[in-house]
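For reference, the structure discussed in these notes is given below.
The values are calculated or read from the model by the stated rules, or taken from the named source; none is laboratory data. Just so we're clear, the structure is a prediction, and the values are computed from it rather than from any experiment. For neighbour counting, all protein chains shown are included, and Cβ atoms are generated from backbone atoms with ideal geometry for every residue, glycine included. Heads up: the accessible areas ignore ligands, DNA and RNA and are worked out on the full protein's heavy atoms, side chains in. Shrake-Rupley method; radii C 1.70, N 1.55, O 1.52, S 1.80 Å.
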Amino acid sequence: MRRERLSVLDAPSERPSVTALPLWFEVGSLVVLTLILVADLLMVIKRPHVPSFRESTLWVVFYIALALVFAGLMFVIGDAEHGAQFLAGWLTEYSLSIDNLFVFVIIMARFAVPRKYQQEVLMVGIILALILRGIFILLGAQLIENFSWIFYIFGAFLLYTAAQQAFGDHEDEGRDSALIRLLRRRLPITNDYDGIKLRTMIDGRRFFTPMLIVFVAIGTTDLIFALDSIPAIFGITQSPFIVFTANVFALMGLRQLYFLLGGLLERLEYLKYGIAFILAFIGVKLVLHAMHENELPFINGGEHIEWAPDISTWTSLAVIIAAMAVATVASVVKANLDARRRGHTLGEEIPHFTEENEHDRDSDSTSVER
């Protein structure tokens, strides 16, 4: 039976009136975001280079400020609920995107992608991530629209993902998948890159370059993270517009963030626990919501479970911010202490891609320093 779409955040008896966002705002926002992404893509194509630390910092700050401005517009044009949902969703997706970025680092290192090509590879990864997340957003919205019990599945999946995040090994994600092993066996692949080309000519014969394997690995990673991230944000809002824009803002600037963090990324040791806590929290929240809206006949006779609480948007936002802040600060403190034990400061141990040594680094086609 088709159900009225209700926010996952509000109990029926206490649900505040939520002002619908005007169509012009939604359409205009999507047009502007598309133009920004196209401009970013054109910059990569027309001016391929390794961004300096200063350039990366400015771009990351710009995209974060842009997201905060957009959240402010949501508060003004919509209401506090819309703004809070966007902020919570954006922060959740941003934390998951940083985790995604860590796997990109492993892939770049494993396949020895030259630094001067990494920007293009990252841009392809971001575009693939947007496409895949867009598809899953449409599918997720339809499932939620028609099957209220899907929240039980989403919640259980996030709890499982949280356990994998906390106790799994990132290094496993850098190993060759069955698909990559199949491609290596079936296709003629060279050992050397030819720019970002997928195919090259050697002695009159056509070969695939290792870039094909890199793109397959990046695409597979994007698919896995899309499966994780979409249920997570649907635990915060059921608005496809907010879900999609939160994902877009989380992915914008990810390329520059990769070069900004440099060697610091792998030193964020406790980040995975912060992300796992967020996923587990949203998983519990989804299960509680599913219980509150329950219609499954074999659970409580098909009746709503009234004692199951609905967790508010503001509570979710506070938990997400606290979890990421604690995980990040604890990671940096530990990394700094470890560096001091080795007789250095953390700043001395973190390599940055600066303009002064860009030429030397570009000529080095070895893997990413880790």
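Below is a table of values for the structure above.
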{"read-out": "Test: Trp24 is touching a Phe, Trp or Tyr at 6+ places or on another chain (Cβ under 7 Å), at pLDDT 90 or above and among the hydrophobic types (A, V, I, L, M, F, W, C)", "value": "no"}
{"read-out": "Any chance Leu130 is closer than 30 Å to Ile282 by Cα, touching a residue at least 12 places away in the same chain (Cβ under 8 Å) and not charged (D, E, K, R)", "value": "yes"}
{"read-out": "Arg185 vs. criteria part of a helix (DSSP H, G or I) and without any contact (Cβ under 8 Å) to a residue 24 or more places away in the chain", "value": "yes"}
{"read-out": "Pairs where the first residue, in the stretch 29-45, is more than 16 Å from Ala246 (Cβ to Cβ) and the second is open to solvent by 40 Å² or more (accessible area, probe 1.4 Å), C-beta under 8 Å, 6+ apart", "value": "Leu41/Ile127"}
{"read-out": "Hey, Val248 within 21 Å of Gly155 (Cα to Cα) and either touching an Asp or Glu at 6+ places or on another chain (Cβ under 9 Å) or not in a loop (DSSP other than H, G, I, E, B) (or both) or not", "value": "no"}
{"read-out": "Residue tally, condition under 10 Å from the mean Cα position of the chain (by Cα) and either under 18 Å from Thr328 (Cβ atoms) or at pLDDT below 80 (or both), over the stretch 244-268", "value": "2"}
{"read-out": "Conditions (1) under 26 Å from Glu81 (Cα atoms); (2) touching a strand residue (DSSP E or B) at 6+ places or on another chain (Cβ under 6 Å); (3) of a type in the set (Val, Ile, Thr): number failed by Thr237", "value": "(2)"}
{"read-out": "Answer from Ala226, Ala246, Ala217, Ala250 - the residue that is surrounded by fewer than 24 Cβ atoms within 10 Å (Cβ to Cβ), within 30 Å of Ile45 (Cα to Cα) and touching a residue at least 60 places away in the same chain (Cβ under 8 Å)", "value": "Ala226"}
{"read-out": "Val31 vs. criteria more than 30 Å from Phe281 (Cβ to Cβ) and either assigned to a helix (DSSP H, G or I) or aromatic (Phe, Trp, Tyr) (or both)", "value": "yes"}
{"read-out": "Count of the stretch 285-333 residues which are in contact with a Phe, Trp or Tyr (Cβ under 7 Å, 6 or more places away or on another chain) and in a helix (DSSP H, G or I)", "value": "9"}
{"read-out": "Neighbours by Cβ (under 8 Å, 6+ apart or cross-chain): first from the stretch 133-162, on the phi > 0 side of the Ramachandran plot; second of a type outside the set (Gly, Ala, Ser) and loosely packed, with under 15 Cβ neighbours inside 10 Å", "value": "none"}
{"read-out": "Helices (runs of 4 or more DSSP H) within the stretch 45-149 that include 2 or more residues closer than 30 Å to Thr315 by Cα, open to solvent by less than 10 Å² (accessible area, probe 1.4 Å) and among the polar types (S, T, N, Q)", "value": "80-110"}
{"read-out": "Test: residue in the stretch 194-205 that is in a helix (DSSP H, G or I), among the basic types (Lys, Arg) and open to solvent by 20 Å² or more (accessible area, probe 1.4 Å)", "value": "no"}
